[in-house]
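These notes concern the structure reproduced below.
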Amino acid sequence: MTSPEQKMGPRPTDQRIRDVQDFGEEGGVVPVIDLAATSTFLNPLDMEKTFHGELKGCYLYSRHSNPTVNAFGRKFAALEGTEAALGVASGMAAISCVIDQLVQAGDHIVTQHAIYGGTYALFKNVLPRRGVSVTFVDLGNPAEVEKAIQPGKTKVIYAESLSNPLLRTPDFSGLKALKEKYHLKLVVDGTFAPLMLLPTELGADVVVHSCTKYISGASDMIAGVIASSAEMIASLIDVNSGSVMLGGAVMDARIAHELYLRLDHLPVRIRAHSEAAQFLAERMRESGVKVTYPGLKNHPQRSLIDAQFNTVYGYGGMLTVDCGTSNLAMELASELQKEKFGLYAVSLGFSRTLMSCPAVSTSSEIPEEEQKQIQLSPGLLRLSIGLIGDHEVLWKRFLKSYQKVMPKGQ
Ligand SMILES: *Cc1c(COP(=O)(O)O)cnc(C)c1O
């Protein structure tokens, strides 16, 4: 990996992950999967105390807590640099449970114009039903954010560390100052940039991830995680008021075990995704393709990205190519699929390249007018670059398809 300037050097996050050690029974190198749905109390009085929150550390029922899910939570917290973390059923479960816990009827949220489609639909269609209003702004522009804040009513700023699908990063120092001034919580979806950007180092109170993406890496499960203070995580599983405990969107112990093991090679995988995407993005730019990638010198937020990213992991696997129209974007995707460059499928973070057209898929919940306003081109092709294959071979396949599909002079 070369440009822009990369800070090489120690990787404290790798070490934090490595230093978490849980043994299996008889000293196994991997922990066991604890499948029990419920746990025996040898002293019946302890059950009552646990229910009333007077006794900690006892397992009660696996919707509340489970040893394997807890082990995953501890390891993920080490990665994210938070006091605690909680595995949940999906990325959307993580988002909706955190929002549920932090806001109530009458409250207000400020968020990003272009965000993950599911989050957009939740904010636009579901939260108003619960009496919660949402304003969509540019989180890279703190002045615009401050204008949207309604003192006393606004409770949360909700951001994506690297936004879908425009690949923009919020201005964290600006957001941190605002959240302190107005006593807000800053919640950040880190799905597009795990390890590369640690939101709590930059002022976030809560981090959510869809583990379905890079953290799984194999596109073989749906899962999510919430990382935050021990107090916040405890509130989510409170037996009387926790949105995860009572909403029920918990993580299964089998999934927790899978993810626990996969965290060990997440750093290696992220660097491999970054190397492939950096290589392809540079070739694309040199050939006149309208590519957006956080690791390119011409990214509109170059200095902000360099200030906020932990670049020893590179700039990630996500890039976009603007083909002008959705027809051209779909034709290019179809050609790339025939050339075995990638697969036309939503989602990201898979070992293989995945391609989709946000304007007609994951971002289609955003009305056309608003798509125009935020410069979400209908011809955007979003690529999640995989981590296997020869870079030169992949580039040849891309160029061949691109030249075949795109009109001359584009
Ligand atoms: C996929 C995704 C989600 C939702 O995650 P699920 O695991 O599908 O529920 C949330 N945020 C972002 C940025 C995503 O890419």
Task: Lys185 long-range amide H proximity, modeled H, under 5 Å - done: Val156, Ile157
TODO: Whole Å is fine, so just give me how far the alpha carbon centre of the range 129-170 lies from that of the range 302-378.
DONE: 22 Å
Open item on the list: Tell me which of Leu102, Phe72, Phe51 sits at the most positive position along the dipole axis of the range 1-105, charges placed on C-beta atoms (Lys, Arg +1; Asp, Glu -1).
Closed with: Leu102
Task: Three-way shape label, the range 252-410, alpha-carbon gyration tensor, a/c 1.5 - done: rounded
Open item on the list: Placing one identical point scatterer on every Cα of the range 1-135 and ignoring solvent, what is log10 I(q)/I(0) from the Debye formula at q = 0.09, 0.15 Å⁻¹?
Closed with: -0.48, -1.02
Open item on the list: Taking every DSSP beta bridge with both residues inside the range 89-175, roughly what % is antiparallel (nearest 5)?
Closed with: 0 percent
Open item on the list: Give me the extension gain from Phe51 to Lys404: residue separation times 0.36 nm, minus the current Cα-Cα distance, reported in nm with one decimal.
Closed with: 120.5 nm
Task: Helix-only [θ]222 nm of the chain, DSSP H runs n ≥ 4, -39500 (n - 2.57) each, per residue, nearest 500 - done: -10500 deg cm²/dmol
- [ ] First obtain the Kirkwood hydrodynamic radius of the range 164-232 from its Cα pairs, then insert it into the Stokes-Einstein equation at 25 °C and 0.890 mPa s, and state the resulting D in µm² per second as a whole number.
- [x] 188 µm²/s
- [ ] Kindly write out, for the range 122-135 in residue order, the coupling ³J(HN,Hα) from the Karplus curve 6.51 cos²θ - 1.76 cosθ + 1.60 (θ = phi - 60°), rounded to whole Hz, with x marking Gly and Pro.
- [x] 4, 5, 7, 10, 9, 4, x, 5, 9, x, 10, 9, 9, 10
TODO: Quick one: which residues, 5+ away or cross-chain, put their amide H under 5 Å from the amide H of Thr212? H built at 1.01 Å from N.
DONE: Gly91, Ala223
Task: Spacing of the two label points (7 Å from each Cα toward its C-beta) at Phe41 and Arg18, in nm - done: 4.3 nm
TODO: Take the eigenvalues of the Cα gyration tensor for the chain, scale each by 5, and report the square roots as semi-axes in whole Å, largest first.
DONE: 37, 26, 19
Task: Sites matching trypsin sites (Lys or Arg not before Pro) across the range 290-371 that sit in DSSP coil, with at most 12 neighbouring C-beta atoms within 10 Å - done: Lys297
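With +1 on each Lys and Arg Cβ and -1 on each Asp and Glu Cβ, and nothing else charged, work out how big the dipole of the chain is about its Cα centre, in Debye to the nearest 20.
That gives the chain a dipole magnitude of about 1080 debye.
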Task: Protection proxy ranking, peptides 36-42, 193-199, average beta carbon neighbours within 10 Å, highest first - done: 193-199, 36-42
Task: Candidates Ala223, Ala85, Ala345, ranked by Gaussian network fluctuation over the chain, Cα under 10 Å, top entry - done: Ala345
Task: Cα-Cα over 25 Å, subset of Lys124/Lys290; Lys56/Lys185; Lys56/Lys176; Lys147/Lys176 - done: Lys124/Lys290; Lys56/Lys185; Lys56/Lys176
- [ ] Choose one answer from Glu80, Glu146, Glu369: the residue with the largest mean-square fluctuation in a GNM of the chain with alpha-carbon springs under 10 Å.
- [x] Glu369
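Rule-based calculations on the coordinates, nothing more; no lab input. Since this is a predicted model, take the numbers as computed values, not measurements. Cβ atoms come from the backbone with ideal geometry, glycine included; neighbour counts cover every protein chain shown.
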